[in-house]
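The values are calculated or read from the model by the stated rules, or taken from the named source; none is laboratory data. As the structure is a prediction and not an experimental result, all values here were calculated from the model. A quick note on method: Cβ atoms are made from the backbone with ideal geometry, for glycine too, and the neighbour counts reach across all protein chains shown.
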Amino acid sequence: MQLNSNVPPGPLAEKWQKHRFEMKLVNPANKRKYKILVVGTGLAGASAAASLAELGYQVETFCFQDSPRRAHSIAAQGGINAAKNYQNDGDSVFRLFYDTIKGGDFRAREANVYRLAEVSVNIIDQCVAQGVPFSREYGGQLENRSFGGAQVSRTFYCRGQTGQQLLLGAYSALCRQISLGNVKSHPRTEMLDLVVVGGRARGIVVRDLVTGQVSSYVGDAVLLATGGYSPVYFLSTNAKGCNVTATYRAFKRGACFANPCYTQIHPTCIPVTGDYQSKLTLMSESLRNDGRIWVPKTPGDKRSPDQIPESERDYYLERRYPSFGNLAPRDIASRAAKMVCDEGRGVGPGGRGVYLDFSDAIRRRGEKYIRDKYGNLFDMYAHITHEDPYKTPMRIYPALHYTMGGLWVDYNLMSNIPGLFVLGEANFSDHGANRLGASALMQGLADGYFVVPYTLGNFLAGCAPGGVSETAPEFKQAEQEVSDRLKKLLAIKGNRSATWFHRELGKVMWDDCGMARSEKSLKKALARIPELREQFWREAGVPGNGQGLSPALEEAGRVADFLEFAELLCIDALHRNESCGGHFREEYQTPDGEAQRNDAEFSYVAAWQYQGQDKPPALHKEPLVWETVHPSIRSYK
Amino acid sequence: MKFTLHVWRQSGPNARGEMKQYEATGVNPDMSFLEMLDVVNQELIARGEEPIAFDHDCREGICGSCGIVINGVPHGPRRRLANGKIEAKTTCQTYMRDFTDGQHLWLEPWRAGAFPVIKDLVVDRSAFDRIMQAGGYISANTGGAPDGNAILIPKRDQEKAMDAAQCIGCGACVAACKNASAMLFVAAKVSHLGILPQGQPERAQRVVRMVEQMDKEGFGNCTNYMECEAACPKEISRQFIARMNRDYLWAQTQDLETTSSGGAG
Ligand SMILES: Cc1cc2nc3c(=O)[nH]c(=O)nc-3n(C[C@H](O)[C@H](O)[C@H](O)COP(=O)(O)OP(=O)(O)OC[C@H]3O[C@@H](n4cnc5c(N)ncnc54)[C@H](O)[C@@H]3O)c2cc1C
Ligand code: FES
């Protein structure tokens, strides 16, 4: 199969404008004849659903939470980037584009990233119009802060709750369309399969989580905006419900999964404290604007932080990366933390932690300044650790946070299955091998507000509406398969919870395919995962009969998918014999421990296609074309 | 640590519920309340029994999914902090170290006519979504928005709007109120948009429609007990209720466009 990125011709800066003009349109009166199914109501899904409904399409939305407003986007803390250059500090669309391409270690598609930077400015305007209360200066203008991997201040924020406010904005636009009858919302409804009819995505099979009923929905197009798969590592900063089920089911129906091994480990999270722990909590990257990261110079130094004099502290990011300092990108900051802890200089229980210290900033600007800027993050830290971060430095350690990999999409955000569009964290498109902070919110909203409303129209203009119903054999068969699988889960009747298997899988993934990977560790993981999967189908216990609300059944289904998907992730990691961004292969590093890319052999997107149960997936390569940027050594020194 | 739990078990929306007793043993003081429930549930699953159903997702106090009445208090008893303030938190931000070893804990769902129980500790809060659909938005279609700095918003107003906008929609305010009133929730949204300049064109119809929908959903009246403010994990101030009441009265004097819902859509 040939993967065609469908990047329009012409100079980089003109591609999107030109493409927008050349795309076909659907006549306003015809739009309401098309039904669009949007799975996921996070930033990407909610913004797409609202925008498409405003245009006149009939939209149905699905999410597993009890309200669209609770999608995981709600938890994003730090901010959203946009190339507004309000600070007059030299920002521009091109600079945001370049920072993002470089941040992704030259593994993303140029044209997509440029478009992202281009529409970033419209996002802020749109959100302000909806009433998103972004932080303001005293004069009433929008305020900015800095995020990692950038030397300009281009991040817009709402205290430490930016994702919440952006999502509430998109959700309110969605609410308006629901009240107008243009959107039908299905909360507490989980997509369990994709239905492909005649080679085109035509619907989904869902389970109503309240009644347990399995049924189908037909549409003229299916949009997946189902988020990322970090919880394949069990412990992550993601919400408990985040899962790979929707995208993995689409993969099993033929959609290519691109770069699954590109996972992001965030440097500043609250360290693991016990084996009962169910998730990890992020301390936003924005804290690195005012916090300084350090460890003692001497291994095994057990003194409390206030007893360690300045001269015996190693501010290792400032030392190693003088031009970016504490704002070095995430992959680099995480590996640096691992390195100092491996040297025995880590702090806190188990030696897996480094200090994030605000005392300088508090001394310089006062406690109130810090409280106004990060109050809720400090409170969150205090809740969890029972320590007062205003008095003693925070202890932090890297944790799984974001997944750059996802379903393969072309420039129009359409997968290789016609009619299946993928948006937000669920696709692979814009962040290459490492995402810069405050860029996921930007991408989700760019996809939903400003890209898919155009590109979907172009696709639909070429197909007549309707023509397929839920009674088609493809739907009946998919429903049957979903029901059979649920029955199979209920029939195992073992006595180990799905959580137990999930935790075991997480350990394998973190140890063998985490911050550092090697051929040896990956082969070990690839031997262990199938064993664990087999054990799951033998010993897992799912009480109940599958009717009504059944959190245990939901969880078991998601864990079963993770147990398959984990293997795909490791296969991808093993095949990529280079280090880039978040994918760090121990065999491929420079003498000073930096990632060593291999552009000659690996400057491509690895898109994997399902070949059937127990068969290895097929690899398709989309070569990355560099028309404007010349991939260089990624240095932040 | 160990605890005796008394948990509301109800197998479905129309089933009768009852309190059932469970022992939680080997509890680590640093466990969150939900992690303690995870452990109890794993034991139930090992015995082939249905685990206790409860809503949760982010587990860091922002999504508003979780909500259990613990010992009569929505989101559980609140500590007094070192600075004298009473802690504001969600169920998922409750830690076992804040209880005493051997304590009996009573776990119940939000109790309110407008929040029917779905199962065990899970309730149906879709009434909140319908209130939002009635008017909790600014009608601004995608595209064509003016530059973000075209409207200057005094920092003071933006901060105030943000104080209200922080509401996570968990419903603890309703659960805490003797009348099961949703005034704090509605007031937070009405105020968030009503304070900002962008929210002015629809200010009158917004407050009227949202309040009408709130009444339709069967939430009770506000009689100023102010338990809602005490229970709110985001410290939404009761002042917003006063503000909404003023707005509502003022709106009655306005010429409301009532023909189509959804504003200019
Ligand atoms: C703690 C934290 C902080 C972050 N902070 C920032 C930040 O400051 N800036 C930034 O840019 N990024 C940040 N990120 C990343 C960013 O929040 C996410 O990448 C982004 O919000 C993802 O949005 P989304 O719309 O793609 O998916 P999500 O918001 O994850 O939404 C997924 C949706 O899909 C639905 N869904 C999933 N599976 C199914 C299924 N099978 N059936 C039905 N529905 C389903 C869910 O119900 C949900 O509605 C942060 C992430 C975390 C974890
Ligand atoms: S689980 Fe999200 S607020 Fe408690």
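Per-structure values
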| quantity | calculated |
| --- | --- |
| Scope the stretch A:221-239; condition under 16 Å from A:ILE265 (Cα atoms), more than 14 Å from chain B (Cβ to nearest Cβ) and not in a loop (DSSP other than H, G, I, E, B); matching residues | A:VAL232, A:TYR233 |
| Test set (1) over 25 Å from A:TYR262 (Cβ atoms); (2) in contact with an Asp or Glu (Cβ under 8 Å, 6 or more places away or on another chain); (3) buried (at least 24 other Cβ atoms within 10 Å of the Cβ) - A:ALA53 fails condition number | (2) |
| Selection count where residues are within 16 Å of ligand 2 (Cβ to nearest atom) and either in a helix (DSSP H, G or I) or touching a strand residue (DSSP E or B) at 6+ places or on another chain (Cβ under 9 Å) (or both), scope the stretch A:30-55 | 1 |
| So B:LEU5, is it touching a Ser or Thr at 6+ places or on another chain (Cβ under 9 Å) and either under 24 Å from B:GLN103 (Cα atoms) or more than 12 Å from ligand 2 (Cβ to nearest atom) (or both) | no |
| Residue in the stretch B:87-107 that is farthest from B:ALA231 (Cα to Cα), counting only those that are more than 8 Å from chain A (Cβ to nearest Cβ) and within 9 Å of ligand 2 (Cβ to nearest atom) | B:CYS92 |
| Of residues in the stretch B:140-149 being farther than 15 Å from B:GLY199 by Cα and more than 31 Å from the chain's Cα centre (by Cα), the one surrounded by the most Cβ atoms within 10 Å (Cβ to Cβ) | B:ASN149 |
| Tally, over the stretch A:515-552, of residues that are assigned to a loop (DSSP other than H, G, I, E, B) and either within 14 Å of chain B (Cβ to nearest Cβ) or among the basic types (Lys, Arg) (or both) | 10 |
| Search result, residues across the stretch A:249-278 that are of a type in the set (Gly, Ala, Ser), more than 14 Å from every other protein chain (Cβ to nearest Cβ) and out of contact with any strand residue (DSSP E or B) (no Cβ under 6 Å at 6 or more places or on another chain) | A:GLY254 |
| Condition check for A:PRO11: closer than 30 Å to A:HIS186 by Cα and exposed (fewer than 13 other Cβ atoms within 10 Å of the Cβ) | no |
| The stretch B:8-30 - residue that is within 9 Å of another protein chain (Cβ to nearest Cβ) and touching a Ser or Thr at 6+ places or on another chain (Cβ under 9 Å) and, of those, farthest from A:ILE384 (Cα to Cα) | B:ASN28 |
| Within the stretch B:51-71, considering residues that are over 27 Å from A:ASN495 (Cβ atoms), assigned to a loop (DSSP other than H, G, I, E, B) and in contact with a Pro (Cβ under 9 Å, 6 or more places away or on another chain), the one farthest from ligand 2 (Cβ to nearest atom) | B:ASN71 |
| Test: residue in the stretch B:38-50 that is more than 8 Å from chain A (Cβ to nearest Cβ), surrounded by 14 or more Cβ atoms within 10 Å (Cβ to Cβ) and touching a residue at least 40 places away in the same chain (Cβ under 8 Å) | no |
| Answer from A:CYS242, A:CYS175 - the residue that is of a type outside the set (D, E, K, R), at negative phi, free of Cβ contacts under 8 Å to residues at least 60 places away in the same chain and outside the structural domain of A:ALA552 (by TED's automatic domain parsing) | A:CYS175 |
| Breaking point among (1) more than 9 Å from ligand 1 (Cβ to nearest atom); (2) more than 14 Å from every other protein chain (Cβ to nearest Cβ), for A:SER51 | (2) |
| Any hit, the stretch A:236-254, residues being modelled with pLDDT under 95, more than 24 Å from A:ARG69 (Cα to Cα) and more than 14 Å from ligand 1 (Cβ to nearest atom) | no |
| Pairs with Cβ under 6 Å, 6+ apart, first in the stretch B:152-170 and more than 8 Å from chain A (Cβ to nearest Cβ), second of a type in the set (S, T, N, Q) and buried (at least 24 other Cβ atoms within 10 Å of the Cβ) | B:ALA164/B:SER191 |
| The stretch B:65-87, subset touching a residue at least 60 places away in the same chain (Cβ under 8 Å) and buried (at least 20 other Cβ atoms within 10 Å of the Cβ), residue nearest to ligand 1 (Cβ to nearest atom) | B:SER65 |
| Residues located in the stretch A:14-25, provided they are buried (at least 18 other Cβ atoms within 10 Å of the Cβ) and either under 14 Å from A:LEU413 (Cβ atoms) or β-branched (Val, Ile, Thr) (or both) | A:TRP16, A:HIS19 |
| Failed condition for A:ASN88, given (1) under 16 Å from the mean Cα position of the chain (by Cα); (2) on the phi > 0 side of the Ramachandran plot | (1) |
| Subset of the stretch A:103-128 that is buried (at least 23 other Cβ atoms within 10 Å of the Cβ) and without any contact (Cβ under 8 Å) to a residue 40 or more places away in the chain - its residue that is farthest from the chain's Cα centre (by Cα) | A:VAL128 |
| Count - residues of the stretch B:193-219 that are crowded, with 18+ Cβ neighbours inside 10 Å and either of a type outside the set (D, E, K, R) or without any contact (Cβ under 8 Å) to a residue 12 or more places away in the chain (or both) | 15 |
